[in-house]
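A short worksheet on the structure shown next.
The values are calculated or read from the model by the stated rules, or taken from the named source; none is laboratory data. Computed from a prediction, not measured in an experiment: that's the story for all the values here. Here the Cβ is made from the backbone with ideal geometry for all residues, glycine too, and neighbour counts use every protein chain on show.
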Amino acid sequence: MSTLPIPPITYDFSTLLSSAADSQFARQTGIAAADLQWLAPRLEMVRREVLADGELFRKGGPIPAEKQPLDAAFFDLPENFLGPDRKTLDGILATADRLAKEVDRVVVLGIGGSYMGARALMEGCCHPYHNELPRKRRGGRPRMYFEGNNVDNDAVQALLDLVEGDDDWAIIVISKSGGTLETAVAFRVFYETLKKSCQDDAEKLRRRIVPVTGETGKLRDLAKAIGCPTVFPIPDGVGGRFSILSAVGLLPAAVLGIDVVRLLEGAAAMNESFRTAAPLENPALAYAGISRLMEVRRGATTRILSTWGKGLESLGLWYDQLLAESLGKNGQGATPITVVNTRDLHSRGQQHQEGRRDKLITNVAVEKVNRTPIAIERSALDQDKLNELAGKTLPDVLRAAFEGTNQAYMDDFRRVAAIRLPLLDEGALGQLFQMLMIATVAEGRLVGINPYGQPGVEAYKNKMNAILRKW
Ligand code: PA5
């Protein structure tokens, strides 16, 4: 473990609590002491079940039929990479450094869980204009582009325009199954372009493609046929949307120069807190239980992740997928929505303040900015009347917006809670990703929905393939 302590992220639901002294409406929309008494022992049982699921993978025993599919191996990834599996992590770091030396652009191909985590890491940890910066200011790391996450001809063509004819780029292609059409089609297109770029240099071509895939499948076979020197596995028992802390998220992150060790340390710290903290002081367990309670007892069927910072938007989209694909089953599952404030106070804010009372708003707030605070300066042109705010900084304005928005919500019994990050960095994000993955699994176990697998997604895939082959 790192010598540097990891400042903990926290989950605060005190704003949801109501007492006997409150008005009837406050009690109807909030959480009472009796609710918490009901919840705590159930969360304790859930913790035991989630830990036992992880234990099944540690022992390598058979997975009981009623548990399948079971992708609980994500839980141990942080400790494994930092301990017994350090060699695999070193391999990821070495390949990332090699790519960073050899190329200036990396195209990451993947969709869903094979893409959203890497994107969230890039937006959360890198300079917001990373791709626009000169190489030196990127710390010598490559630019990164994401494709294969849609079927958009013009978007693909535009990225091809950017890389065609140059030989300073590489492909990381990520697909656990190896058979996802969007990613497979994009890989074929970009492979052909890269082949032309590398001209007759077959060795260079091989080194410029790094697949991340399951132990078997079409992409694994293709990698063998191409002769890729390095293929990173997505271990059995790690499902797509739970794979951010495997090579799926770590390799692109390491290429960008993100401190993946710190990220894993943050996640390991969250595991420790999940194992040991009392249920209602346990960020993952409490978040799962409180969110569920608000859904079933208070009708909060829409879950708003209200992020306060542009760097958190892709994290929110990653979470949208995690929640929707994991718990949107059997006619159940809250609807996830991500907002970025203050931007979305000017779009969705009206509805959140006065619309249907079906929402739980969980703020994701970062306590300290990473860069020098910008102050509002006194100006000779005061037509905008901003001189009275002179000296205040952008973080002051954001804090006022945060407090004002939440006071306004609470005055009308619009229900809010908060996840607080001391800083937007790898240590905090590692905790947050792991917290949200554990919470999603815990909630599934709490209500008897298997959080793993996504049988509903197969419906569109089957029909799309059938239609395409009929034409
Ligand atoms: O969570 C999941 O399993 C999915 O979102 C997958 O990640 C997504 O469908 C991509 O699958 P694959 O990695 O097999 O290409």
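Some points to look at:
- Number of the condition not met by Gln431 [criteria: (1) surrounded by 13 or more Cβ atoms within 10 Å (Cβ to Cβ); (2) in contact with an Asp or Glu (Cβ under 8 Å, 6 or more places away or on another chain)]: (2)
- Listed conditions (1) away from the ligand (no atom under 13 Å from the Cβ); (2) crowded, with 19+ Cβ neighbours inside 10 Å; (3) over 21 Å from Val238 (Cβ atoms); (4) not β-branched (Val, Ile, Thr) are all met by Gln157, apart from (2).
Residues are listed down the side, and each one gets a yes or a no for (1) assigned by TED's automatic domain parsing to the domain that holds Ile438; (2) closer than 22 Å to Glu79 by Cα; (3) surrounded by 23 or more Cβ atoms within 10 Å (Cβ to Cβ):
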| site | (1), (2), (3) |
| --- | --- |
| Leu222 | no, no, no |
| Ile234 | no, yes, yes |
| Gly237 | no, yes, no |
| Gly240 | no, yes, yes |
| Ser243 | no, yes, yes |
| Ser246 | no, yes, yes |
| Gly249 | no, yes, yes |
| Ala254 | no, yes, yes |
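- Flag if Asp259 is within 16 Å of the ligand (Cβ to nearest atom), on the phi < 0 side of the Ramachandran plot and surrounded by fewer than 20 Cβ atoms within 10 Å (Cβ to Cβ): no
- From Ala365, Ala390, residue being aliphatic (A, V, I, L, M) and free of Cβ contacts under 8 Å to residues at least 24 places away in the same chain: Ala390
- All positions within region 308-347 that are over 20 Å from Ile438 (Cβ atoms), buried (at least 17 other Cβ atoms within 10 Å of the Cβ) and free of Cβ contacts under 8 Å to residues at least 40 places away in the same chain: Ile337, Val339, Val340, Asp344
- Selection of region 396-419 for residues being surrounded by 17 or more Cβ atoms within 10 Å (Cβ to Cβ) and not in a loop (DSSP other than H, G, I, E, B) yields Leu398, Phe402, Thr405, Asn406, Tyr409, Arg415, Val416, Ala417, Ala418, Ile419.
- From the list Met294, Met270, the lone residue that is touching a residue at least 60 places away in the same chain (Cβ under 8 Å) and either at positive phi or touching a Lys or Arg at 6+ places or on another chain (Cβ under 9 Å) (or both) is Met294.
Table: residues versus (1) surrounded by 20 or more Cβ atoms within 10 Å (Cβ to Cβ); (2) in contact (Cβ under 8 Å) with a residue 24 or more places away in the chain; (3) out of contact with any Cys (no Cβ under 7 Å at 6 or more places or on another chain).
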site	(1), (2), (3)
Pro8	no, yes, yes
Ser19	no, no, yes
Ile31	yes, yes, yes
Leu36	no, yes, yes
